[in-house]
Each structure stands twice: as C-alpha cells, then as structure tokens.
Amino acid sequence: MAGGKETPRQKMIGMMYLVLTALLALNVSKEIIAAFVTINDKLAMSGELLQNNTLDTYNEFEKKRLAIKTQGGDLAIINLWQGKSDQLSKRTRQVIGFILSESNEMIKMAEGGQDWVADRDEDGNIKELRSLFDINAMDNYDIPTNRFIGGNPMQPKQEGLALRDSVLKFRDYVTELMGTYTVGDRKFEFKAPENEEDLKAALATANPDDTVRIAQIYHALSLPEMLEVRDAGRSVQRPWPSVMFDHAPIVAAAAMLTALKVDILNAESVAADFMLSKIDAPSFNFNKIEPMPFARSSYINPGDSLNLRVMIAAYDSTDIPEIRFGINADTIPEKWTTTTGSIPLKGTSSGDFIVKGQIGVREKGQLTWKDWRFRYTVGSPSGAVSLPELNVLYRGYPNKLTAAASGYPSFRVTGGGNVDIRQQGQEYIASPGSGREATVNLVGVAEDGSTANLGSFKFRVQNMPKPDLRWGAFWDGDSAPMASLGSSNRIGAMYPPAIPLEATFTIVDWEIQIPGARLIAGRGSQLSEEAMRLIRQAPRGSLITIATSYRGPDGKTLRKNGSFKVQ
C-alpha cells in the first residue's frame, strides 16, 4: 500500500497496517487480542487527524473563491475543482459508511444484535463506531470467518468480496475525478485500468503534471485479488478476504476494517490537496464571517430611495489592518491620516461628506493596498412618521405606526384630527374616526423638556377591507377534489396574503347550499356532520355555496358568501 512520496504519518499508518496483518497470521493470546483494541484506537486517531486536515483543505476553497471574487477573476476554474471536491467528499462518506456498516453488522452478530454505531452524518452514513473495548466476545473468530469467507477459503462470500470491490471502485472514481477535466481548449482524460500493469498506458491521456499523484492514489488503493501466505510450510495463494479475515478475532477484523477506512481517508486527503493546488489564487485568512449592510448614504429625504446592499464579510479578527484615509478636501493621498480599526466620523456640521482611502491586505505574504470610499450625510433636525402596513388608516383596526426623529433625544406622536393615538411598546396604535382623512403630529422633545413640531402627516381613512372565505386549504372561488373538501370541516374568514393586515375574524354562523339538497345551517366555524355527509354526496362539477356571518376586530357583524367547485 505505497506509491509516490509518502508523508511521515502515511508511513506510520502503513507500518501499523503491516503489524496488524502480521498479528492476524499468529495464534494469538488473550493479551494480544486485547492489543488489537489499542491498534484500532491508534488507527481511528490517525483517521481523525486526516479528516481534520482534509476539512481545512475544503475550507481553503472558499478562501480562494473569496480572493478570486475580490480581484474580479474568472470563477470557472474554482467552480470546476470545488465541484469535484464536493463530489469527492460525498463519495468518501458513502464508502466509509459502507465499510463501517459491515463492521457494525459483524459486531452485532457477536453482541446479540446490539447496534455498535456511535455517530452518523446528515445523509445517514455511519461516521464512527463505539469502542472495541466494550465488546464481550473479543476472541470470537467464527463470526468474521463465516460472514466474510464461509466454508471455502478459496471462494469467499460476497460480503468479503464487496469490501475489496468498494475500495477498488473508490480508487477508480477518485483517480478518474482527478484526471478527467477540460480547461480552455485542452481536454485531459484518465480511465482507471483494471490492474496496475496497465496503469502506465492509462496515464498517457492524462495531464503529465497530474500523473504522479494519480498513480500515488491508484497504487495505495490497489488491493490484490490474491495474496501469498504460508500454509503448512509452503507458499500458497489465497483470496484477499480469506487472508484478512480467516480465523481473525472480532477485534482484529474490526481493526482491519478501520485500517481500510484510514486508507480511504488518506486517499481523500491527497486528492483534496491535488484539487486545491489546481487553483492559482491567493488565500485570504479569515476566522469570522458576518453579514454587513452597505449603502452610499445613511440619510435620505422624504420621497428619495436608498439602495442597501447586504453582503457577507469575512475577516481575520486577530489581524487588524492599517487604514489610510481622508475626508472631503483631505481625500488626496498627501493629506491622508493613518489609523487601524474603526474611523470616527464626527457630525460637526450638516451636509454631504466623502471618506476615501486605502486598506492594507496581505496576499501571498505581501502587503497590498486596496482602495475604498464611503459617503455619509449629516442632516438638520427633522422627523418622519411611517405606516409600515399600508399608507392608509382603517376604521375599527389597530393601525400600527412607527416614528423617527433626528436632532432630539426623544419624541412623541399625537393625534392632530380625526384620530386617537396610544403608545404600545416601541410602536403607536392609531384609531381613526368617521372622517375621510386623519392627521398625525410628530413632536421632538429636547433634554430640557422643550418641544418642537417636526411635522404633521395626513393619512387617508377607509373602512377595513372585507375578508375572504376559506374552507380548509381552499379560498373562495377555488376548485378542489371531493376528497379534499369532504375531509375539511373548518371554515374561516381571513385576509389573503396580498392584504398584509393582521386581523382576526370570527365566524358567527353559516348556511350551506348543495345542489339537489336542502339548506343546512349551523353556528361557529365547524361544519356539522349532517353538512359533511351531504357534501360528500355532491356530484363532480357541483358548485357548493356557503353564506356566513362574521365578526371583525371592531365587534361588528357582517355577511360574507363564498363558493367552491367540486372537481
């Protein structure tokens, strides 16, 4: 299980693998059987380190994407290789899940059906098993032998062959994922051969820059079909599953499957590094990601509009960059001020202001200066009142008003005609009278208690719109299957989504007319059993009419009819 240049950790894993294989060939004692638990834990720890390193590699893709976007570069290359890395990650989780599921099933057979899964991923694949230390039947070798080999070592069972096949298929998938791609007008292709003897010819169509790493993974995951072992003093060939699991104690077989998992994780790590190396872009270091709103101005006049952009800002909170800036006449570089962190902007006088400068960013270890600019406005004391739901006040409805005033520490909202105002938390509730127009006054209150009128705002006054009738999930005028109507015995009056008013209406009574049947009446929002029986008998194409009396927020009772067609 070698090929290409190996890291020290990879060499360590390989040595543990060899020790594990050698121990399986011995008639081991209880103490050595227990030692397999330690070997399995060491392998699991190495696998966890590999997973953490690979996760860091996957995170680097986002950093490089950020760098390319910042520089206005082409995202085609990172879309290609990050997409491949996503496929690599998903396939790795699936293969590891399969290997660990086989280990879990084997242990369950020895432990009376007790499940040995410690953790699963979001797709249901097994990520981790419980410690082998808790297994009671550590020295049971019949179960691994019977599950993966059977009665004839020269003809292992499908469960044993499937383990080797899963590794080989993963090998082929990963190497082909690495070696097959198109960049510009150059197309490279790699088709994994069935055996290592044909690897050199298969690499002829791949990118010469990729062949070393492709071959490294191919060799590392190439499990031979037959292995040479000593039997009664002579060398014989045995199938791979028979050599790995024949008379292997449960803990030894489980450790061997953990070793296969580590091989898969090692291949994933190498492949992910390879894919990341294909993206020629600097990585911006960051440890925080926050949403940040941006606008050219933080102040607008009534009737104007504001273009607000909300973006994700990624930054390194441990690295405070240097900033050079100037305001208005001082925006020429010769008059810039140098600082770090935030810039205090003082509103000493009203008007429009422009802040312009540069921020130092490290790219590939070099300090690069990036231009930026910001515009803000210092306004005179003023105020405004807005109606967040609709630009109208409705009679009989608790209309919500919000107000804002600049230049004063506090303010109050009062009725200026045909409207009563009361405060409710941070909002105001407006209740208009019978006239067609209402006036709301905004008053600024200074620290010394003096007041100033910041404006009077007029609103149209209208009656509340009538609600629509709803039967189950269907609105007035809808067509619905009999199965749906016949299972819905609730009716209600409410506003459709197009009317953003939060009003509650109560059904007082109802009358339902079904073609060919007598008129049925009832009270409340629930249809009677008698009505439901007649509804279920209505023929297709029938128009069912429901007449209701409902009570609104103002306590008045009104009428509302609705019709529903049976499909």
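Observations on the model:
- Segment 382-463: C-alpha gyration tensor shape, a/c 1.5 cut-off, then a/b vs b/c: prolate
- The calculated FRET efficiency for Gln462 paired with Asn489, based on their beta-carbon distance and R0 = 41 Å, is about 0.75.
- Were the residues from Lys187 through Glu122 laid out at 0.36 nm apart, the gain over their Cα-Cα distance would be 19.9 nm.
- Count Lys and Arg as plus one, Asp and Glu as minus one, and take only other residues whose Cβ is under 14 Å from that of Pro144; the net charge is then -4.
- Shape call, segment 8-277: gyration tensor on alpha carbons, a/c limit 1.5: prolate
- Stretched out straight at 0.36 nm per residue, the stretch from Val392 to Met154 would grow longer than its current Cα-Cα span by 77.0 nm.
- Cβ-defined net charge surrounding Ser488, 13 Å radius [Lys, Arg +1; Asp, Glu -1]: +2
- Label-to-label distance, nm, for residues given as Glu105 and Arg540 (7 Å Cα→Cβ offset): 4.8 nm
- Peptide packing: for 164-176, 126-138, the average count of neighbouring Cβ atoms within 10 Å per residue gives the ranking 164-176, 126-138, highest mean first.
- For Lys90, a cut-off of 16 angstrom between C-alpha atoms picks up these lysines, skipping any fewer than 8 places away in its own chain: Lys127, Lys169, Lys261.
- For the peptides 460-469, 150-159, the ranking by packing is 460-469, 150-159, with the highest mean count of neighbouring Cβ atoms within 10 Å listed first.
- Scoring 531-541, 181-191, 267-277 by mean Cβ neighbours within 10 Å over their residues and listing the highest first yields 267-277, 531-541, 181-191.
- Inter-label distance, Arg230 to Ser479: 8.4 nm, where each label sits 7 Å from its Cα along the C-beta direction.
- Model label sites at Arg533 and Glu447, defined 7 Å from Cα along the beta-carbon direction, differ in position by 7.8 nm.
- FRET efficiency estimate (nearest 0.05) - Cβ-Cβ, Ser277 to Trp369, R0 25 angstrom: 0.30
Each value in this text was obtained by applying a stated rule to the coordinates, not by laboratory testing. Just so we're clear, the structure is a prediction, and the values are computed from it rather than from any experiment. Virtual Cβ from ideal backbone geometry, glycine too; neighbours counted across all protein chains shown.
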